[in-house]
1. On the given criteria, is B:L243 in contact with a Leu (Cβ under 6 Å, 6 or more places away or on another chain), in contact (Cβ under 8 Å) with a residue 12 or more places away in the chain and either surrounded by fewer than 20 Cβ atoms within 10 Å (Cβ to Cβ) or not in a loop (DSSP other than H, G, I, E, B) (or both)?
2. Can you tell me which condition A:T13 does not meet? The list is (1) within 27 Å of B:N15 (Cα to Cα); (2) in contact with a Lys or Arg (Cβ under 8 Å, 6 or more places away or on another chain); (3) open to solvent by 40 Å² or more (accessible area, probe 1.4 Å), and all the others hold.
3. Could you check how many residues of region A:115-131 are out of contact with any Ser or Thr (no Cβ under 7 Å at 6 or more places or on another chain), among the polar types (S, T, N, Q) and within 10 Å of another protein chain (Cβ to nearest Cβ)?
4. Do any helices (runs of 4 or more DSSP H) lying entirely in region A:12-101 carry at least 1 residues that are under 16 Å from the mean Cα position of the chain (by Cα) and closer than 20 Å to A:E228 by Cα, and which ones are they?
5. Given the residues B:G190, B:G233, B:G210, which is the only one that is small (G, A, S), touching a Cys at 6+ places or on another chain (Cβ under 8 Å) and surrounded by 15 or more Cβ atoms within 10 Å (Cβ to Cβ)?
6. Sort out which residues of region B:180-218 are within 14 Å of chain A (Cβ to nearest Cβ) and either among the aliphatic types (A, V, I, L, M) or assigned to a strand (DSSP E or B) (or both), and write them in order of number.
7. Out of the residues in region A:132-150 that are away from chain B (no Cβ under 14 Å) and surrounded by fewer than 19 Cβ atoms within 10 Å (Cβ to Cβ), state the one that is nearest to A:G95 (Cα to Cα).
8. Can you name the residue in region A:219-248 that is under 30 Å from A:K76 (Cβ atoms) and touching a strand residue (DSSP E or B) at 6+ places or on another chain (Cβ under 6 Å) and is also nearest to the other protein chains (Cβ to nearest Cβ) among such residues?
There are 2 protein chains.
Amino acid sequence: MSAKPVVYLGDTTLNTAASYLGGVMTQDGIDFIYVPSGRRVKPAVVAPERKLFIVSDFSATHFPQPLQRRVVSQVKRGAGLLMIGGWESFRGSEGCWQGTPIGDVLPVVIGKADDRVNCDQPTLLAATSDHPIVDGLPWSDRAPTIGGFNRFRPRPRSRVLLEAMLFQARRAGNGMTFSLQRKAPILVIGKHGQGRTAALATDVAPHWVGGLVDWGDRRVAAQVPHGEAIEVGEYYAAFFSRLVRWTAALDEL
Amino acid sequence: MSAKPVVYLGDTTLNTAASYLGGVMTQDGIDFIYVPSGRRVKPAVVAPERKLFIVSDFSATHFPQPLQRRVVSQVKRGAGLLMIGGWESFRGSEGCWQGTPIGDVLPVVIGKADDRVNCDQPTLLAATSDHPIVDGLPWSDRAPTIGGFNRFRPRPRSRVLLEAMLFQARRAGNGMTFSLQRKAPILVIGKHGQGRTAALATDVAPHWVGGLVDWGDRRVAAQVPHGEAIEVGEYYAAFFSRLVRWTAALDEL
């Protein structure tokens, strides 16, 4: 019996936040093992050779550093590593990935202090570079919103594919005026040895995912086994499928 | 022993979506009994005289019509009735409140078909009328976003306090252009007999609550007993406190 290609850690449980990425991967035929946010990572998770490790709202305090180093070795040899944002990702309120073996091979520098940015005003994604993960999706004509993100800094030789544009919205007569306040990197990709690495600053699930979860007119229904059913926008599903497949180097399939 | 003044039905459980309104009411000293979304309403819930009934993501199919009629009688005599939006509110995908005793006394007309509007693009709230629920909050200078809402029509003699402005965002050079597509009523208030009624089309919890949950710079931490802790924006907490207090006619306190 061969090991499942993808390890997915975090996003609470398959009945809550993890139902989103779990549903998307299930519908895309990507087989994975899952570890909920409250559990500790065990050696069996990192022992077999994997194609991709996904860490999303999973605190570093639940991932023993010797086991993190085995992930890093796998990445050097060609496995992918993807961290997705949230209150327990990157630094977060309780992510605490700064200065850890996994945090150190991500394509971004993680801050030492709480890096959460909660957006009560319009925050939109814009593509900043051509790349198979983002090409062909309607970033320009239908820029999706997000609800928040972790603040991080791209490392040298990484590539920023998406950035957030934060606007202030003010009432003006019967309309609104929008003024750009600042920009922030949202999707950054890189390499570590032979492996692909990616850091997505926003969340794959509510509430930080914002309008991105409903991106597009066509709705997609999906459900991970033993998890909650989801109904999301077509471009949301397409974007996360591509992100997972590219980072796992399954993108040629 | 006197009955608790507020009945709160729905939003899944106190450990999930109901942790938001549950947390806000707890922190505001508003005592309530709670019924999770999956449960059936029992006679003991509607027997004592209450000050307010809140129905939020709770399907009409779990609220027997004879018991709904007892709520309507209480409203006629002066109790408040508040429905808050979601996939199981108003018509929703599974709310099915159209043509029910409770649905018929709300200040809005509920549609017969799925009324859900999921917003992947910027959707902002604007105050349309002065009223104690909305006065003094920074709607104009810091218009908050929402992520979705139920489409409904205000009844004659009701009052619209908030509306949503739906924009299309398109990339334009280094910036974005925003064009107003349409508006929709979001908060509508009315009366039934002696009781105050209110319909809020967006959700109190993710994902439809959008950026509204983080509205303001100051963070508020709260926790309902036996529920999940929340951390929200100050104006979000203030807005929902006022909405509950006004509809319950506790606003003079």
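1. Details: in contact with a Leu (Cβ under 6 Å, 6 or more places away or on another chain): no; in contact (Cβ under 8 Å) with a residue 12 or more places away in the chain: yes; either surrounded by fewer than 20 Cβ atoms within 10 Å (Cβ to Cβ) or not in a loop (DSSP other than H, G, I, E, B) (or both): yes.
The answer is no for B:L243.
2. A:T13 satisfies all of (1) within 27 Å of B:N15 (Cα to Cα); (2) in contact with a Lys or Arg (Cβ under 8 Å, 6 or more places away or on another chain); (3) open to solvent by 40 Å² or more (accessible area, probe 1.4 Å) except (2).
3. Residues meeting the conditions: 1.
4. Values: elements: A:18-27, A:43-46, A:65-76.
Result: A:18-27.
5. Values: B:G190 fails: touching a Cys at 6+ places or on another chain (Cβ under 8 Å); B:G233 fails: touching a Cys at 6+ places or on another chain (Cβ under 8 Å).
Exactly one residue qualifies, and that residue is B:G210.
6. Quick first cut of region B:180-218, residues within 14 Å of chain A (Cβ to nearest Cβ) only: B:180-183, B:202-218.
Correct list: B:L180, B:Q181, B:R182, B:K183, B:V204, B:A205, B:V209, B:L212, B:V213.
7. As a first pass, look at region A:132-150 and keep what is away from chain B (no Cβ under 14 Å): A:132-133, A:135-136, A:150.
Okay, now just the ones that are also surrounded by fewer than 19 Cβ atoms within 10 Å (Cβ to Cβ), so A:132, A:135-136.
Details: A:P132: 29, A:D135: 31, A:G136: 33 Å.
Of everything passing the filter in region A:132-150, A:P132 is nearest to A:G95 (Cα to Cα).
8. The qualifying residue nearest to the other protein chains (Cβ to nearest Cβ) is A:T247.
The values are calculated or read from the model by the stated rules, or taken from the named source; none is laboratory data. All figures in this text were calculated on a predicted structure; none of them were measured in a lab. Because the Cβ atoms are built from the backbone with ideal geometry, glycine has one as well, and the counts that use them run over all protein chains shown. When the accessible area is computed, the model is the full protein with side chains, heavy atoms only, and any ligands, DNA or RNA have been set aside. Shrake-Rupley method; radii C 1.70, N 1.55, O 1.52, S 1.80 Å.
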